[in-house]
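The next block holds one structure in the form of structure tokens; read it before the comments.
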Amino acid sequence: MGRQSTRSLIRTIRSFILNLVLSQRKKGRKPILQVIIDLTTLEKVGKFPHLKDLVRVYNHKKGLHIVVLYLVIGNWRIPWSFRVYRGKGTPSPSQLALKLLNTLPSILTESFQIYVLGDTAFGTIQFIEKIRSKEFNHHGILGIPNRRKLTDGRKVSDLKNRGQQVYLHGLAFPVFVSWVWLKRNGKRVKRFVISTKPMKGKTITRWGKYRWQIEGFFKTAKHQFSLHRFGQKTLLGVYRWLILSFLSYILAYLTYLHNNNFDDLDWYDSAQQALVLLLPHILLLSLLRRLKLLNPWFYEHGLELCLVRCKM
């Protein structure tokens, strides 16, 4: 796969995804498009001199660190784009996320209300100001640390009422605060969430929980579609591997939706069905390769395998 064919593949995929998302438009009030951003680590062990400083330790994890932009609307859950975090002295995860937001076509931002969901890494003053600027004009539901200071000197952890309007230190406009309870190592942990749009406390909490949808995607992409099992010796090779992994996920998920079986999602079964439905020639080549390996066994038992092309 050459550089040009990689770009062509990306353009084709994005065009297809864009049409799917736009199919969810309705007359009247603009529907909400969830744009979830997060950083995940594709953990690796050993030395990778050919990848220079791309495989590094960050947040106590060694591997390739990528920021992913993930779209959710209706039944569609689709990875849109990603950027590699290169470490200290390079654009931060929140700055990379802003670059990813720039990749959203204007027709999406015109057709939908954009809710940007992210964890504390994206709750910086710069990021909040930018997504609310005229350039983006999105709403944000973002995690913030409990030690975050308010303009009146208090910390976020001092707040007692969900949905309360507050001013974060360094931010000129108000935000609205709530929190969610999560289980971590058998204990309940309180995580604070802000919304740049006026919402009731319970509504902010509900939206704050939606961010975790991307965690399910990361788990599936890694363990079902080998996102973290790259072995290429160049960044371009790794990049192509990630693209193919994301594409495999998308094709399997679209096949699942096509079959209208919403009760149970078996990723392995969906991937096999996608292979039969969308790429039968690849499946056939794989079968022929396996049969070729069995030729000595056929001869040993006095058998001969003969394949004849039929004109239809």
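Axis angle, to the nearest 10 degrees, between helix 280-293 and the longest C-alpha principal axis of the chain: 50 degrees.
For Leu104, nonlocal amide neighbours, meaning residues 5 or more places apart or on other chains whose placed amide H falls under 5 Å from its own, do not occur. In the complete set of protein chains, residue-level accessible area for Glu43 is approximately 110 Å², probe 1.4 angstrom.
Computed from Cα atoms, the angle from the helix 235-258 axis to the main principal axis of the chain rounds to 90 degrees.
Computed from backbone phi with θ = phi - 60° and the Karplus coefficients 6.51, -1.76 and 1.60, the 3J(HN,Hα) list for the range 83-92 is 9, 8, 7, 9, x, 4, x, 10, x, 6 Hz; x is used for glycine and proline.
Take Asp38, Asp269 and sort them by solvent-accessible surface of the protein heavy atoms, 1.4 Å probe, largest at the top.
Details: Asp38 5, Asp269 70 Å².
Solvent-accessible surface, decreasing: Asp269, Asp38.
Working value for the chain: equivalent-ellipsoid semi-axes of 43, 23, 19 Å, each the square root of 5 times a Cα gyration tensor eigenvalue, largest first.
Comparing Cα centroids, the range 275-309 and the range 73-100 end up 43 angstrom apart. Could you calculate the FRET efficiency of Leu235 with Lys149 from 1/(1 + (r/R0)^6), where r is the beta carbon distance between them and R0 is 35 Å, rounded to 0.05? The pair Leu235/Lys149 has a calculated efficiency of 0.35.
Take the Cα radius of gyration of the range 69-193 and divide it by 2.2 N^0.38 Å, with N its residue count; two decimals is plenty.
On the way: Rg = 15.8 Å, N = 125, 2.2 N^0.38 = 13.8 Å.
Relative to the rule-of-thumb radius for its length, the range 69-193 sits at 1.15.
For the chain, the longest principal axis of the C-alpha atoms and the axis of helix 213-225 are separated by about 20°. Calculated accessible area for the chain comes out at 59 Å² per residue, all protein chains present (probe 1.4 Å; ligands, DNA, RNA ignored). Would you compute the Debye intensity of the range 208-286 from its alpha-carbon atoms alone, equal scatterers and no solvent, and pass along log10 I(q)/I(0) at q = 0.18, 0.24, 0.26 Å⁻¹ to two decimals? Those come out to -0.84, -1.18, -1.23, one per q. For the range 170-184, putting each phi into the Karplus relation 6.51 cos²θ - 1.76 cosθ + 1.60 with θ = phi - 60° gives couplings of x, 10, 6, 10, x, 10, 10, 10, 8, 7, 10, 9, 10, 9, 9 Hz, in residue order, rounded to whole numbers and with x for Gly and Pro. Size of the range 1-133 from its Cα atoms: along the principal axes, largest to smallest, the extents are 54, 40, 24 Å.
Computed per residue of the chain from DSSP H runs no shorter than four, each worth -39500 (n - 2.57), the mean residue ellipticity at 222 nm is -12000 deg cm²/dmol.
For the chain, with all protein chains in place and a probe radius of 1.4 Å, 53% of the accessible heavy-atom surface sits on carbon or sulfur.
The values are calculated or read from the model by the stated rules, or taken from the named source; none is laboratory data. This structure is a prediction, so every number in the text was calculated from the model and none was measured. All Cβ positions, glycine included, derive from the backbone under ideal geometry; neighbour counts span all protein chains shown. To get the accessible areas, we keep the full protein, side chains included, count just its heavy atoms, and leave off ligands, DNA and RNA. Shrake-Rupley method; radii C 1.70, N 1.55, O 1.52, S 1.80 Å.
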